[in-house]
Amino acid sequence: MRKRLVVIGNGMAPGRALERLFEAAPDAYDVTIFNAEPRVNYDRIMLSPVLSGEKSYEDIIIHDDAWYTSNNVRLLQGKRVTEIDREAKRVTAADGTTADYDKLIIATGSNPFIIPVPGHQLPGVLAYRDLDDVEKMLHGAKTGGRAVVIGGGLLGLEAAAGLKMQGMDVTVLHIMPTLMERQLDPSAGYLLEKAVEDRGIEVICKANTKEILGVDKVEGVKLDDGRIIDATMVVMAVGIRPSVQLAKDAGLTVNRGIVVDDGMRTSDPDIYAVGECVEHDGMVYGLVAPLYEMAAVLADRLVEGAREYKGSQTSTKLKVTGIDLFSAGDFAEADDREEIVLRDAASGVYKRLVLKDNKILGVVLYGDTADGAWYFQMMKDGADIGELRDTLIFGQAFAGASPLDPTAAVAALPADAEICGCNGVCKGRIETAITDKNLKNVDDVRTHTKASASCGSCTGLVEQLLKLTLGDAYNPAGVAAMCKCTDLGHSDVRRLIVAKGLKSIPAVMQELQWKTANGCAKCRPALNYYLVADWPGEYVDDEQSRFINERVHANIQKDGTYSVVPRMWGGVTSSDELRAIADVVDKYEIPTVKVTGGQRIDMLGVKKEDLPAVWADLGKAGFVSGHAYAKGLRTVKTCVGSDWCRFGTQDSTGLGIKLERFLWGAWTPAKVKLAVSGCPRNCAEATCKDIGVVCVDSGYEIHFAGAAGLDIKGTEILCSVPTEAEAIEYIAALTQMYREQGHYLERIYKWAKRIGYDTVRNQIVHDAEKRQGYFERFQHAQKFAQDDPWAARAAKTGGHATEFTPLAEIGTAFPKPEMMEPAE
Amino acid sequence: MTTFIKVGKVSDIPVLGARCVKTPAGTIGVFRTADDQIFAIENRCPHKGGPLSEGIVHGTSVTCPLHNTVVSLTTGLVEGPDGGGVVTIPVEVVDGEIHLDLGRLPVREVA
């Protein structure tokens, strides 16, 4: 019979220990996990990006349900263990669930420390520890107001930045004279304070909280100097305490944490402990790298290995987008220590190395942290830096004889050099994984080794390793750059536009370090769209970054003339409309009139100069632009439905018109075509459209992600809804999700395939709150989008007024053609 | 021969945009860059004759609206492997007024 392993806690440390255990001996144990949180194992380091909106919970899951299933792990979610019976070797949860063990792992983690000032129990006082806290903060941030964050350490600053990004006013209170004083010296602390204040976050140092004010909920914070700061939310991020009560009750040796030996064993030989609840050699750790080192030792011990944990040296990185900060080791001044300092105030760079006997004791890097891993490795190795000393502060690129080529620098690293500090992955492990598992790109490496899966700052190093290991077979286009003007892919650019609050094309190009002065014909229209989509009502459309068709609201033809398509809602027209079109065709001598695939009438061969007059005449007859030129909502094709058809189950024409009137004007990553069919015979061909509706007796079947162009693809079914109103809500929400996530020029079927059809269904169908959010953001954006561009152009209020007239016409004053010399 | 003719003001052309000058010998595209340099080239893409003045202007290049051929405003040459080029027309800007040297236009059917 297999031995029974019971784990109390489902955080990152036991998760990593189990991963290593299953790699070493997949069948050694039957594993049961008691998890007080109702979730799978997720990456707590990444809570800050979730708070700031840069990532979602799904993005930070480490082990999904399938992982537990495939490893035969029994995961008991939402069950808090209340008792360990060491005699009977049995644990009992609050709800009475029991499990017997041969070996037990305690991984109860830590609890946030709440300062017991008066008012600390008021609603609105939050900790920052797990996803529940993040959800509470996000909920609180929706109503705006001011958040006071108590604690100017790593977590406090990340919480402050996240809440600011969620639109709150934020004040950080820190009891010490400078921020992050445990990791930073005063100079770096000062630079950090400036950078935080530049983001509009107020920082008050030497602030001692005396009382949290409020009656039924938080209303403010009172400092001991009498100052009162109004607040709708107070976040305490002042530290953590190992969670040891359970171990204490069981009679295990406990000091600050649960005491373990070098084999991670507690005072009971069958009980191990790992993670933040542990005290080893007098030290308690709260950073992930040491926890992972402990986990590796624990996994080895569970299969009768002899590895020993000898304590960890730790380094810190702040995960606030746009602030680069790295620190490690001990940087207190002392007589027998020397230091090397580099300050470049203009570019905001500060580097300080603390040395003793030609060895690195401490590192603080601000502004340029690229060499953090290099210094840290030398510090851990106790390397003699005597020979490098003269150029040491300039980093690895200038270090003595080592070459400037970053690939060569990575090649020179030893196999045990740590590449990913968050997840404790060394170079050798990544290289082995690339070779053994045939990994091709950074995403593969992330999946298999976790390297660069957390904060992502080592992504460059991982790319170098791929290049080294695979040689020419490495194709970095796993994430293709938007264009030659940048190395960033569309997803990164979109994420950073929102995260950094970039609201103009020059701001994007400046902040994201564009390599060209004003982009190119590929990136400018993409950036213009992203800004239009992300900042409705704030961003002013940049005409010169629009493709000509969108600039003049007509489609350019091969001879430089244009085609004009007025909107016919749902494909329905009238004798008056047809007469108006006929008059325009005659008046402007338009050579061709054709019916389009989307049930509209197209007038081809209109001269550019005539466009404003053509629009004015069409406008008088009630026509608006059909957006046949737009990366936006094109047409809603319909059949006649229950109004006329003997098979029609619903009013498909009516729904098509409603949809078109609701969606028109919306800009999207690529064109969007809809259709509504009145019965499953599907005469409107809804099942090959970007979004389609097939009416049935019981309601409306919503389809998405079809294609009938370059690719042919039938739609996927989103869901069925009983009413028209719901159909419109779901479709608008889906359109908004696509607007927010799609890459420019990426049609819905490609976008949905890229992110997964189920991801779309989960967010639009199964998560009412998300759907409502998308729907509301769509409605908001439409307020600014539903302006008829033809009317604006005809009235000369939109666009560049002189777009349609030549700068000059030169006739008689010009020499006759035969007098001109041929080109050289 | 040199025949500089005034065609309009710099401010008549949008930044990163273009306007046309019609002549009996064909249309000229007059372009304005982000740093207010003015260039004039034949308004006819060497690829399929697209109106270059309708393209997106970036740096000192323009991308043709029909098939994305990129043409240098300074040399008139196509950037990239396809080769080919258009005639560039000398420009002088005096007190914000643009003058083109129309003596350099090639003989071609009126567009």
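Below are the figures for this structure:
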quantity: Dipole-positive endmost among A:Gly622, A:Ala451, A:Val364 within chain A (Cβ charges, Cα centre); calculated: A:Gly622
quantity: Which of A:Trp644, A:Trp664, A:Trp374 has the fewest Cβ neighbours within 10 Å, and the rest in rising order; calculated: A:Trp644, A:Trp374, A:Trp664
quantity: Within straight-line cross-link reach of A:Lys594, aspartates and glutamates at Cα separation under 13 Å, skipping those fewer than 8 residues along the same chain; calculated: A:Asp602
quantity: Residue-averaged beta-carbon neighbours from other chains (10 angstrom radius) around B:48-61; calculated: 5
quantity: Shielding by other protein chains, A:551-558, mean Cβ within 10 Å; calculated: 2
quantity: Sorted peptide list for A:279-291, A:102-114, A:520-532, B:74-86, criterion being average Cβ within 10 angstrom, highest first; calculated: A:520-532, A:102-114, A:279-291, B:74-86
quantity: Cα-Cα pairs of chain A separated by more than 44 Å (percent); calculated: 41 percent
quantity: Likely footprinting exposure, A:Arg495, A:Arg74, fewest C-beta neighbours within 10 Å first; calculated: A:Arg74, A:Arg495
quantity: Low-density loop positions, trypsin sites (Lys or Arg not before Pro), segment A:618-661 - DSSP coil, at most 10 other Cβ in 10 Å; calculated: A:Arg646
quantity: Candidate lysines - alpha carbon under 22 Å from A:Lys467, same-chain residues fewer than 8 apart omitted; calculated: A:Lys427, A:Lys437, A:Lys440, A:Lys450, A:Lys484
quantity: Among B:Pro14, B:Phe31, B:Pro51 the positive-end extreme of the charge dipole of segment B:4-104 (Cβ point charges); calculated: B:Pro51
quantity: Shielding by partners - mean other protein chain Cβ count within 10 Å, residues of B:26-38; calculated: 2
quantity: Value at 222 nm in deg cm²/dmol, rounded to 500, when DSSP H runs of n ≥ 4 in chain A each add -39,500 (n - 2.57); calculated: -9000 deg cm²/dmol
quantity: Segment A:549-620 - charge dipole about Cα centre, Lys and Arg +1 at Cβ, Asp and Glu -1, debye rounded to 20; calculated: 200 debye
quantity: Links that overshoot a 24 Å alpha carbon limit, given the list A:Lys164/A:Lys317; A:Lys587/A:Lys671; A:Lys194/A:Lys317; A:Lys222/A:Lys317; A:Lys194/A:Lys351; calculated: A:Lys587/A:Lys671; A:Lys222/A:Lys317
quantity: Cα-centre dipole for segment A:300-385 with unit charges at Cβ (Lys and Arg positive, Asp and Glu negative), debye to 20; calculated: 320 debye
quantity: Sites matching GluC sites (Glu not before Pro) across segment A:48-90 that sit in DSSP coil, with at most 14 neighbouring C-beta atoms within 10 Å; calculated: A:Glu87
quantity: Dipole of chain A, positive direction: furthest Cα of A:Pro118, A:Gln741, A:Ile385, with charges on the beta-carbon; calculated: A:Gln741
quantity: Computed magnitude of the charge dipole of the protein assembly as shown (debye, nearest 20; Cβ of K, R +1, Cβ of D, E -1); calculated: 1820 debye
quantity: Ranked by how many other beta carbons lie within 10 Å on average, peptides A:65-73, A:245-253 from highest; calculated: A:245-253, A:65-73
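Any read-out appearing in this document is the output of simple, stated calculations on the displayed coordinates, not a laboratory observation. None of the values given here were measured: they were computed from a predicted structure. With ideal geometry, Cβ positions are generated from the backbone for all residues, glycine too; neighbour counts draw on all protein chains shown.
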